Every structure is written in structure tokens, then in C-alpha cells.
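Colleague: Questions regarding the structure given below will be posed in turn.
The values are calculated or read from the model by the stated rules, or taken from the named source; none is laboratory data. Everything quoted here is computed from the prediction, not taken from an experiment. Methodologically, a virtual Cβ is constructed for each residue, glycine included, from the backbone with ideal geometry; neighbour enumeration extends over all protein chains shown.
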Amino acid sequence: MGRMRGLARQRPGRYLVAVPSAAVRCGHRLLEGSVVSDMLDEHLEYVSDQARMALFRQAIGRVVKPGDSVVDLGCGSAVLGLMSLKAGARHVDAIDSTSAIDLAKGTLQGAGFAGHAHFHHALTSRVELPREADVIICDHVGYFGFDYGLIELLADARRRFLKPGGAQVPRRLRLFLSAVDSEGCRKETSGWAAPEVPAEFHWVRASALARVHPMQLKAADLIAAPAALADLNLMEDQPDFMSWTATLAIEREGVIDGLLGWFECELAQDVWMTNSPVNAAAIARPQAYLPLSEPMEVNVGDVVQATIMARPADNVVVWQVQRPGDGALLSNSTLNSGFDSAVHRLMSLRPDHVPQLSAPGRARQIVLGYCDGKRTRAEIHEAVARDHPRLMPTPAELSRFINEALAQDASS
Ligand SMILES: C[S@@+](CC[C@H](N)C(=O)[O-])C[C@H]1O[C@@H](n2cnc3c(N)ncnc32)[C@H](O)[C@@H]1O
């Protein structure tokens with residue numbers, strides 16, 4: 001199974017899938033080393049996926065024109081920026097929030113494009129650029145297409161980075177759904193309740209059932225015919241909350257362990273990238289497995305209604321299946337997982353570590369300085385915006401940041 005762990009792991013505070021155990025090791029050096037090698041492993045997988053590389057090369061060949069200015073959003077190794085420069089782009093702004101930015105810098109500079117690229121080590125939503133771009137580009141396409149922040153990332157970049165009439169890669173997203181009867185999926189979620197695990201820990205399994213699991217499944221794992229779920233124009237803003245329903249026709253007798261979601265994504269006109277379990281030309285990206293809290297028995301000819309609800313910006317996915325026969329609803333949600341913060345705490349508990357305030361830490365310190373037990377929330381917003389208008393690139397981001405700081409560090 002291809003890992004693609006980074007699609008969820010690398011995005012600060014936006015975990016939809018399990019954090020790999022390799023990231024939680026004792027000792028500062030080992031931890032740092034493992035984070036860098038995880039990052040390198042992740043990007044090695046992306047640049048070795050020949051189907052994905054060929055599709056992006058084709059899309060960039062169609063979209064990027066000689067002399068264009070390109071923004072590579074979540075650039076990772078900057079492989080998409082490199083393709084753009086080779087296609088004739090004059091300049092690339094490469095943005096990544098992780099140490100992958102050093103990989104990007106080394107790659108583009110080594111390839112002779114030093115004078116044609118700028119590197120930004122930050123979340124894209126917190127970067128300001130001195131020029132408008134002809135093209136914005138990314139591969140933020142999650143296991144289920146929308147579940148890695150693709151929609152919000154593009155919307156913000158389109159608004160702040162792209163010239164009017166500029167081009168965007170990718171441009172359209174189609175979502176598909178089926179039901180799964182798979183031993184591999186049962187194994188994936190049974191770990192904490194396995195017979196060899198002490199019974200006191202079996203309750204933890206509920207957390208595994210409440211997450212989106214990356215799984216690389218095949219047609220034989222599906223118990224229902226694939227159904228179209230949604231068709232999103234990525235060049236237009238989407239609502240914060242989305243709800244889609246599909247009717248799943250059961251094709252064989254068995255149990256539904258959960259749902260499987262995947263995407264078809266149009267990178268450029270008529271250039272489609274998919275991780276479909278039923279398409280031989282799929283890229284090496286797992287699909288999104290959404291486990292049910294209990295298996296559901298079904299027969300050939302049954303019809304099952306399945307609903308997916310999502311608030312991508314808040315990292316929430318809810319899935320719901322209606323049992324044929326009695327009509328009972330089985331549902332689950334990423335809201336029920338709730339263990340990622342424990343992993344973060346473990347990682348930061350190094351006794352020899354001397355903490356330094358990061359840039360966001362300093363910004364949070366400023367915001368919290370106004371939280372004096374007298375000012376109201378509105379007065380805090382007003383005071384920060386007045387005294388530190390440049391703390392974040394936009395008023396909207398400043399407002400979000402203040403809300404985050406207050407939610408995290410002030411009493412409710
Ligand atoms: C799926 S990888 C794609 C990397 C590269 N564009 C490619 O096509 O191989 C996504 C990259 O985006 C970065 N990233 C994720 N969310 C980000 C954000 N909001 N702002 C900046 N970088 C982000 C991750 O660190 C990771 O390197």
C-alpha cells in the first residue's frame with residue numbers, strides 16, 4: 001500500500017488519519033531525524049509515482065505559458081514548480097509549511113533555476129506575495145479529494161495570488177463512493193480490540209472507527225457498484241458545509257464494513273487524475289476508508305443510502321448509512337476520534353529541550369497580552385487590529401488567529 005501519510009500528517013492541526021508510529025520516538029536527535037526522513041520518504045513517493053508525474057507534466061504543458069509567473073502551493077519537493085519552469089515559466093513562488101521547503105530550494109537551485117524561484121516556509125494562508133501569478137498550482141488532492149484542504153487552499157490562493165483570468169491546476173473534482181466488505185479493512189480498525197491486547201484498551205478502537213483511513217483497495221473489496229457522489233468546480237468558491245448522498249446498489253451478499261471514497265480530479269482540460277479502485281490507470285494514492293461502528297449485513301439487490309457531510313475547513317467529516325429493511329441509521333464522524341493532541345504532547349515532552357517562541361508563538365503572546373480580564377472579545381479584536389494590523393497577512397486571517405488564540409488559551 002502506498003503510504004501518502006503526509007497528505008494528512010504534514011498539515012499542522014489538520015489530521016484526518018492516524019499519525020504514523022514512526023514519528024513518535026524517544027530522544028531529540030532520533031525524533032528530528034525521523035521527521036526529516038519521513039518527509040523525504042513522503043516526497044520520494046510523490047516523485048516516483050509515474051502515473052501522477054505524467055498527468056501533471058501533461059497538465060502543466062497545457063496550462064503554463066512561456067514567461068508565466070507560477071505559485072506552487074504546498075510545493076514539497078517543488079516538482080510541480082520544476083515542471084512549470086521547464087515548460088517556460090519565468091518565475092515560481094514555492095510555498096511549504098514544512099522542512100520540505102529546503103528540499104524545494106536544493107532542487108530548483110541545483111537544476112539551475114536559482115534566479116527564477118522564491119521560497120516561502122509558511123502556510124499558504126499566511127504568505128503575502130509581491131506579484132500576482134498567471135498560474136496557481138498544487139496537488140492538495142486528498143484520499144477523498146476534498147479531505148486535505150484542497151478547496152480552502154485554492155480559494156484563498158485564487159483570491160490573493162492569482163491575476164484576474166489566471167489559470168488554476170487542478171480545476172474540477174468528482175467524488176465517488178462505494179461500500180466495502182474487506183478483511184484488510186477489518187484488520188485495519190481492529191488493532192486495539194485484538195485478542196492479544198489487554199481488554200482495558202479495547203475501548204480505544206472507537207477512535208480508529210472515527211477516522212478516515214487511507215486504504216489501497218481493489219474492485220474485489222467493493223460490495224456495491226461505485227456511485228457518483230459530487231461534482232465540484234474548483235474554480236468557484238464552495239460552501240463551508242457540504243452534504244452529498246449516493247444510492248449504493250449491493251451486488252453480492254456479505255457485510256458492509258464501511259464506505260470507500262475516491263476522486264477523479266481534472267488537472268487541466270481533459271487531463272484527469274484518479275485514485276479509483278476500479279481504474280487500472282489510477283495513481284498510487286490510497287482511497288479514503290470510512291469505517292462503520294458495526295458491520296451491516298446486506299444481500300444482493302439491496303439498496304443502501306449513504307450520506308457524506310463535510311466541513312473541510314474545520315476538519316470534520318460525517319458519514320451515515322441507512323440500513324435496508326429497518327431503515328436504521330449508522331453514522332460516525334471524525335469528531336469522535338480525538339487522540340491526535342495526545343501524540344503532539346508526547347512529541348514535545350523532551351526534557352532537554354529549551355523552548356523558544358516561534359513566530360506564531362510571538363503573535364499569540366501579543367494577542368494574549370490584550371486578554372486582561374477586562375476587555376471583551378470584540379475589544380480584543382479591535383485593539384489587536386488597531387495596534388498590530390500587520391500581525392497576519394489579511395484581516396480575516398488576523399481575526400481567525402485571534403479566535404484560535406482565545407479558544408486555546410483563554411477561558412470560555
Ligand atoms: C501532497 S504534498 C504535494 C507536494 C508537491 N506539490 C508534489 O506535488 O509533489 C503536499 C505538500 O503541501 C505541504 N502543505 C500542506 N498544507 C500546507 C499549507 N496549508 N500551506 C503550505 N504548505 C502546506 C506539505 O508539507 C506537503 O509538502
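Colleague: Just the residues that are away from the ligand (no atom under 15 Å from the Cβ), without any contact (Cβ under 8 Å) to a residue 40 or more places away in the chain and either closer than 14 Å to A89 by Cα or in contact with a helix residue (DSSP H, G or I) (Cβ under 9 Å, 6 or more places away or on another chain) (or both), please, taken from the stretch 112-142.
Modeller: G112, F113, A114, G115, H116
Colleague: Now, a different point. Within the stretch 148-171, which residues are away from the ligand (no atom under 12 Å from the Cβ) and either under 27 Å from V304 (Cα atoms) or in contact with a Ser or Thr (Cβ under 8 Å, 6 or more places away or on another chain) (or both)?
Modeller: Scanning the stretch 148-171 gives a single hit, R160.
Colleague: Of the residues that make up the stretch 173-193, is at least one within 18 Å of the chain's Cα centre (by Cα) and within 27 Å of P393 (Cβ to Cβ)?
Modeller: So the first thing to find is which residues in the stretch 173-193 are within 18 Å of the chain's Cα centre (by Cα), and the list is 173-176.
If we keep only those that are within 27 Å of P393 (Cβ to Cβ) too, we end up with 173.
Checked the stretch 173-193: at least one residue is within 18 Å of the chain's Cα centre (by Cα) and within 27 Å of P393 (Cβ to Cβ).
Colleague: May I ask you to say which residue of V278, V197 is under 27 Å from V47 (Cβ atoms) and β-branched (V, I, T)?
Modeller: Just one listed residue meets the conditions, V278.
Colleague: Identify all residues within the stretch 33-55 that are of a type in the set (D, E), part of a helix (DSSP H, G or I) and closer than 25 Å to E266 by Cβ; write none if there are none.
Modeller: E42, E45, listed by residue number.
Colleague: Same structure, new question: Please go through the stretch 74-95 and pick out each residue that is within 12 Å of the ligand (Cβ to nearest atom) and either more than 16 Å from V47 (Cα to Cα) or of a type in the set (A, V, I, L, M) (or both).
Modeller: Residues satisfying the conditions are A78, V79, L80, L82, M83, V92, D93, A94, I95.
Colleague: Might you check whether a residue that is in contact with a Leu (Cβ under 7 Å, 6 or more places away or on another chain) and at pLDDT below 95 occurs anywhere in the stretch 226-234?
Modeller: Checked the stretch 226-234: no residue is in contact with a Leu (Cβ under 7 Å, 6 or more places away or on another chain) and at pLDDT below 95.
Colleague: Here's something else I'd like to know. Among the residues of the stretch 75-119, which ones are closer than 20 Å to G149 by Cβ, in contact with a Lys or Arg (Cβ under 9 Å, 6 or more places away or on another chain) and not hydroxyl-bearing (S, T, Y)?
Modeller: If the condition is that a residue be closer than 20 Å to G149 by Cβ, in contact with a Lys or Arg (Cβ under 9 Å, 6 or more places away or on another chain) and not hydroxyl-bearing (S, T, Y), then A78, D93, A94 are the ones that fit.
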